[in-house]
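Read the structure below first, then the notes.
The values are calculated or read from the model by the stated rules, or taken from the named source; none is laboratory data. Remember, predicted model here, so these are calculated numbers, not experimental data. Cβ coordinates were reconstructed from backbone atoms using ideal geometry, including for glycine residues, and neighbour counts include every protein chain displayed. Side chains are part of the model used for accessible areas, which takes the heavy atoms of the whole protein and leaves out ligands, DNA and RNA. Shrake-Rupley method; radii C 1.70, N 1.55, O 1.52, S 1.80 Å.
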Amino acid sequence: MSRRVVLLGAPGAGKGTQAQKLAESEHLVHLSTGDLLRAAVKAGTELGRQARAHMEAGQLVPDDLVFRVLFERLQAGADGFVLDGFPRNRAQAEELDRRLAAAGTPLDAVIDIEVPDAKLVARLTGRRICKSCGRNYHVDFLPPRRAGACDACGGELHQRADDSPHVVGERLAVYHEQTEPLKAYYRGQGLLTTVDGDKPVAEVTSALKAALAPGAPAPGVRANAGRRG
Ligand code: AP5
Ligand code: MG
């Protein structure tokens, strides 16, 4: 099992859903820069105050703020982590490479979860999140057992501030312009595997685990390509 993993994918591709499952089953630290930034906004820190306007507009938060929330935690999880939502541009990818190389703990795998844009809008606008534990749901695709309440802890479900239709459009545009080019960056390093994310959650999880298992096909192969239909 590879231990240091990056999940790439557009907003709504399922990075958070899948990272949470991988972290639980493979005992990895799940690090989501989006979650860390939202926690800073909620706590009202100076960093959160600076990040907030960028997030609400669907733009990337400046790199120096993101590095500050991430790298302290990344060190603590250096033996095994799954990164969700980072890196998001070339400068972040190069900084991550530098830090991991200096620690002698390079990435083992980068998995791109692919979903067509048309499906992403429905996923994002229907998403609901537990206020207490952060677990993700979807009103149609992954409903809680009791409407409005978290299955795991009973907490209240709410909608993210940046999941309104116009902000979702901006987030997708930013993804295509700044983050999608990282596929070529990691393909060039021989690390990239692509998984079809337009499948039921459990199927995507299986494909991710297969891609990370010892003896998995070499990166570059589409891990669940044969199962479409
Ligand atoms: P972030 O929190 O990372 O948001 P995102 O990348 O836009 O991605 P999402 O969290 O919206 O989607 P996801 O891929 O995690 O999908 P999920 O599993 O929830 O970032 C938010 C903001 O913070 C950014 O816009 C930026 O401002 C800032 N930021 C964060 N990181 C940054 C960085 N590194 N640099 C600069 N700025 C940064 O699934 C979505 C929905 O679909 C859910 O309802 C889920 O239940 C459902 N779903 C999941 N899988 C499936 C499936 N297979 N079938 C059907 N439904 C599914
Ligand atoms: Mg997420």
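Given points 7 Å out from each Cα along the Cα-Cβ axis, report the PHE71 to VAL121 separation in nanometres with one decimal.
3.9
Full extension from ASP63 to ASP108: what is 0.36 nm times the residue separation minus their Cα-Cα distance, to one decimal in nm?
13.9 nm
Full extension from ARG99 to GLU180: what is 0.36 nm times the residue separation minus their Cα-Cα distance, to one decimal in nm? It would help to have the intermediate numbers written out before the result.
Values: separation 81, 0.36 × 81 = 29.16 nm, distance 2.18 nm.
Gain on extension, ARG99 to GLU180, equals 27.0 nm.
Counting pairs of alpha carbon atoms under 8 Å apart in space and at least six apart in sequence, what relative contact order in percent does the chain give? Show your work: numbers first, answer last.
Numbers: 353 pairs, mean separation 61.5, N = 229.
27 percent.
Based on DSSP H runs of at least 4 residues, each adding -39500 (n - 2.57), what is the mean residue ellipticity at 222 nm of the chain after dividing by all its residues, to the nearest 500 deg cm²/dmol?
On the way: 9 runs with 100 residues, N = 229.
Computed ellipticity for the chain at 222 nm equals -13500 deg cm²/dmol.
Once a ≥ b ≥ c are taken as the square roots of the eigenvalues of the Cα gyration tensor of segment 153-195, is the result rounded (a/c under 1.5), prolate (a/b larger than b/c) or oblate (a/b not larger than b/c)? Numbers along the way, then the final one.
Numbers: a/c = 4.91, a/b = 1.75, b/c = 2.81.
Judged from the Cα gyration tensor, segment 153-195 comes out oblate (a/c at least 1.5, b/c at or above a/b).
What is segment 95-197's relative contact order, in percent, from Cα pairs under 8 angstrom and six or more apart in sequence? Walk me through the intermediate numbers first.
On the way: 101 pairs, mean separation 36.0, N = 103.
Rounded, it is 35 percent for segment 95-197.
Between ARG49 and ALA161, what's the calculated FRET efficiency when r is the beta-carbon distance and R0 is 22 Å? Round to 0.05. Spell out each step's value before the answer.
Details: r = 15 Å, r/R0 = 0.66.
Plugging the Cβ-Cβ distance into 1/(1 + (r/R0)^6) gives 0.90.
Relative to the present Cα-Cα distance, how much length would full extension add between ALA149 and LYS131 at 0.36 nm per residue of separation? Display every interim value, and only then the final one.
Numbers: separation 18, 0.36 × 18 = 6.48 nm, distance 0.96 nm.
5.5 nm is the gain from fully extending ALA149 to LYS131.
For the chain, which whole-number percentage of the solvent-accessible area (1.4 Å probe, protein heavy atoms only) is attributable to carbon and sulfur atoms? Before the final figure, lay out each step's value.
On the way: 5670 of 11000 Å².
Carbon-and-sulfur percentage of accessible area, whole number: 52.
Kindly provide the pair-distance distribution of segment 91-142 built from C-alpha pairs, with 10 Å bins from 0 and whole-percent values in order of increasing distance.
Cα pair-distance distribution for segment 91-142, in percent: 19, 27, 25, 26, 2.
Given a 1.4 Å probe, how much area per residue of the chain is accessible, in Å²? Walk me through the intermediate numbers first.
Values: 11000 Å² over 229 residues.
In whole numbers, the chain has 48 Å² accessible per residue.
Quick check: convex hull over the Cα atoms of the chain, volume per residue in Å³, rounded to an integer?
122
Would you mind checking segment 4-20 for residues with the amide N under 12 Å from a putative spin-label position 7 Å along Cα→C-beta of VAL201?
From segment 4-20, the list is 14-20.
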